[in-house]
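Take a look at the structure below.
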Amino acid sequence: MAEILLSLTIIGVVAAITLPSLTGNINERTWNTQRKALYARFSQAIALMPSLNGYGNYNGTNTDGIVSVTEDTAAETFLTEGLSKVLKINNICDADHLSDCGIVASYTNMAGSIKNWPKKLSEMNSMFTNTSYKESAGNGVTNSYINPQKDIDTKAAAFETQNGESIAVYYNPNCQGSLAETSWHYTQPKMCANFIYDLNGNKGPNTVGKDIGFITAIYPADSVVVAPVPLTRNLSGGKKQIEAGKACHEMDSESRLPNIEELMAMFYNRDMLGINAGLYWSSTVISPTVAWHLNFGSADSGPHPRANSFNIRCIKR
């Protein structure tokens, strides 16, 4: 009897040690599978929409001629009149009733901080509505950027999928297509819709990189839909762009450097990642010696020599 009790005790201790890790691995695999399936459904649905901009009701116009939509139902209209035509969605909720669609009041971002769930664009990213930015380019030259989306601060809306995911939508009704820019510019006008999802509704752990993530639709026509899953840390010390891809692969064999659209999506969701400043490399090159980078502290994107060292945040797809 003593030997049996001792054996059971040992088994219990081993189970107590290994079970949390085993359960965690099962959850990770489940979330990864569900995340990829959700991305596939969104990619297929958005490809069926002729355009992603222009939905919503607006009131008032500012003196500069830009429509002000701070108090509107644009995101709800985008869901009811647009996305619901190509994707099966349930139970649409406005910004004041996000919890009715399973959206939690707060979540844990990748830096380990507790954040309130955003209810409008400026809460999703305070830089989305900034007015302008000036940067010294040397030799007495100052680059100046005006944000044409500065008056747009639409409220969020939410919905539930038939698979049980809860998704909040942040919508830019005046989003713009790529102009094949070759110089510095703001990235905010390119975002049409940003979807922050919770794979299991209001159940835990409500943590970015686990059950919470984002899908972003960029450009109104021929939209690019991305859903990068950033690793939890930056590469310390910065890297040259020409070395960045190899550095990501060495950190994790499945990771890579984000392309410019994936990096833009990461900027829009910078609070979820816990990144509020810094210049980050993308994998998108302009020429053999120049590539795109994005400034998470000022919202501007521009070309830089690939031999310069900037921050790197690797991702998985």
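What to note about this one:
- Residue pairs whose Cβ atoms lie under 7 Å apart, sitting 6 or more positions apart in sequence or on different chains, and linking a residue in region 244-272 that is free of Cβ contacts under 8 Å to residues at least 60 places away in the same chain to a partner that is surrounded by fewer than 19 Cβ atoms within 10 Å (Cβ to Cβ) and of a type outside the set (Lys, Arg), are Gly245/Ser283; Leu257/Gly245; Leu257/Ser283; Pro258/Ser283; Asn259/Ser283; Asn259/Thr284; Ile260/Thr284.
- For region 294-310, the criterion of being out of contact with any strand residue (DSSP E or B) (no Cβ under 9 Å at 6 or more places or on another chain) and outside the structural domain of Lys150 (by TED's automatic domain parsing) is satisfied by no residue at all.
- Screening the candidates Ala95, Ala74, Ala105 for the property of being at pLDDT 95 or above, assigned by TED's automatic domain parsing to the domain that holds Ile152 and out of contact with any Cys (no Cβ under 9 Å at 6 or more places or on another chain) yields one hit, Ala105.
- Residues that are farther than 13 Å from Asp198 by Cβ and either touching a strand residue (DSSP E or B) at 6+ places or on another chain (Cβ under 7 Å) or assigned to a strand (DSSP E or B) (or both) within region 94-117 comprise Asp94, Ala95, Asp100, Asn109, Met110, Ile114, Lys115, Asn116, listed in sequence order.
- Residues of region 147-174 that are at pLDDT 90 or above, in a loop (DSSP other than H, G, I, E, B) and hydrophobic (A, V, I, L, M, F, W, C): Ala156 alone.
- For Lys246: the one exception among (1) basic (Lys, Arg); (2) farther than 24 Å from Leu98 by Cβ; (3) assigned to a loop (DSSP other than H, G, I, E, B): (3)
- Here Gln241 passes the criteria (1) within 19 Å of the chain's Cα centre (by Cα); (2) buried (at least 16 other Cβ atoms within 10 Å of the Cβ) except the one numbered (1).
- In summary, Ile17 fulfils each of the numbered conditions (1) at pLDDT below 85; (2) under 30 Å from Pro220 (Cβ atoms); (3) β-branched (Val, Ile, Thr) with the single exception of condition (2).
- Residues that are surrounded by fewer than 23 Cβ atoms within 10 Å (Cβ to Cβ) and not small (Gly, Ala, Ser) within region 200-210 comprise Asn200, Asn202, Lys203, Pro205, Asn206, Thr207, Lys210, listed in sequence order.
The values are calculated or read from the model by the stated rules, or taken from the named source; none is laboratory data. All values derive from a computational prediction rather than experimental measurement. Positions of Cβ are generated from backbone atoms using ideal geometry, with glycine treated the same way; all protein chains shown enter the neighbour counts.
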